[in-house]
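The values are calculated or read from the model by the stated rules, or taken from the named source; none is laboratory data. Since this is a predicted model, take the numbers as computed values, not measurements. All Cβ positions, glycine included, derive from the backbone under ideal geometry; neighbour counts span all protein chains shown.
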Amino acid sequence: MVKTEEEIALLDKLYGLYQKFQNTIGQWYETPWGEIRDKVDDMLEAAENFQKESLRLPGQLKQWLTYSKLKNEIQDMIDVLPLVQGFAKETIRDRHWEEAIALTKHDIPYASENFVLKNLLDANLLKIAEDCEDIADNADKQDKLEKSLKRDISMHYDNRVLTIMPYQGNPATIGGDIQEIQQEIEEHLQQLQQFAVMRHVGPFRNEVKEKIGILSHVSDTIEKWLKV
């Protein structure tokens, strides 16, 4: 009788922890996607605490199937939350979601107002874990490239002035800091050519090629003017 009571007490610990974990992730599942970025770190910390608590359970419980199930489910959550975190970045765009949908072959309603964490977890991201990491990494690199295109190049020439000084009523000579402008164009052409061969340039390849063409034409035109 005493042994039975001890076994029941042990099982209460195991099933109590399992139920607590299930209740917790059940609440996580319903988290609106817009709140994930602020909450995912706490979720990961909580999952790791569940793992520590499970490891502290008496050894005889670890032979039970329920313990193995709990252990695996906790580990899966610990593994998948960093992938969720990757998709919660500000740098993630629609194209990245569409890539994930194509890889998982699962509809992820990322544009829906009712999009919650469970919708993403149902896509079984762990099957494409490395792809998810690549998507998040590429999103950061593409964001950096996009900002460089706009800030360092497009916006630069929006305010750059090329002075054409008239002679006897006709445009005749180029004034101002023309040598500096030529140097800037050369540097930006080199930067654009580096962008063109980057693995993650895909969404901006046409824009990069267009800017290379425009700046090359401007550079050639200035050279011809200076020779006249």
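This table checks each residue for (1) in contact with a strand residue (DSSP E or B) (Cβ under 6 Å, 6 or more places away or on another chain); (2) among the charged types (D, E, K, R); (3) under 30 Å from ILE92 (Cβ atoms); (4) touching a residue at least 24 places away in the same chain (Cβ under 8 Å).
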| site | (1), (2), (3), (4) |
| --- | --- |
| TYR15 | no, no, no, yes |
| PHE21 | no, no, yes, yes |
| TYR29 | no, no, yes, yes |
| ASP38 | no, yes, yes, no |
| GLU48 | no, yes, yes, yes |
| LEU57 | no, no, no, yes |
| LYS62 | no, yes, no, no |
| LEU65 | no, no, no, no |
| LYS69 | no, yes, no, yes |
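Can you find a residue that is farther than 26 Å from HIS200 by Cβ and aromatic (Phe, Trp, Tyr) anywhere in the stretch 63-77?
Yes, there is a match, as at least one residue in the stretch 63-77 is farther than 26 Å from HIS200 by Cβ and aromatic (Phe, Trp, Tyr).
Which count do you get for residues in the stretch 98-130 that are crowded, with 17+ Cβ neighbours inside 10 Å and either on the phi > 0 side of the Ramachandran plot or not assigned by TED's automatic domain parsing to the domain that holds ASP76 (or both)? Matching residues across the stretch 98-130 total 0. Every test in (1) at pLDDT 80 or above; (2) over 18 Å from the mean Cα position of the chain (by Cα); (3) farther than 21 Å from ARG93 by Cβ is passed by ASN124 save one, and that test is (2). If you take the residues in the stretch 22-68 that are within 25 Å of the chain's Cα centre (by Cα) and not in a helix (DSSP H, G or I), which one is surrounded by the most Cβ atoms within 10 Å (Cβ to Cβ)? The qualifying residue surrounded by the most Cβ atoms within 10 Å (Cβ to Cβ) is THR31.
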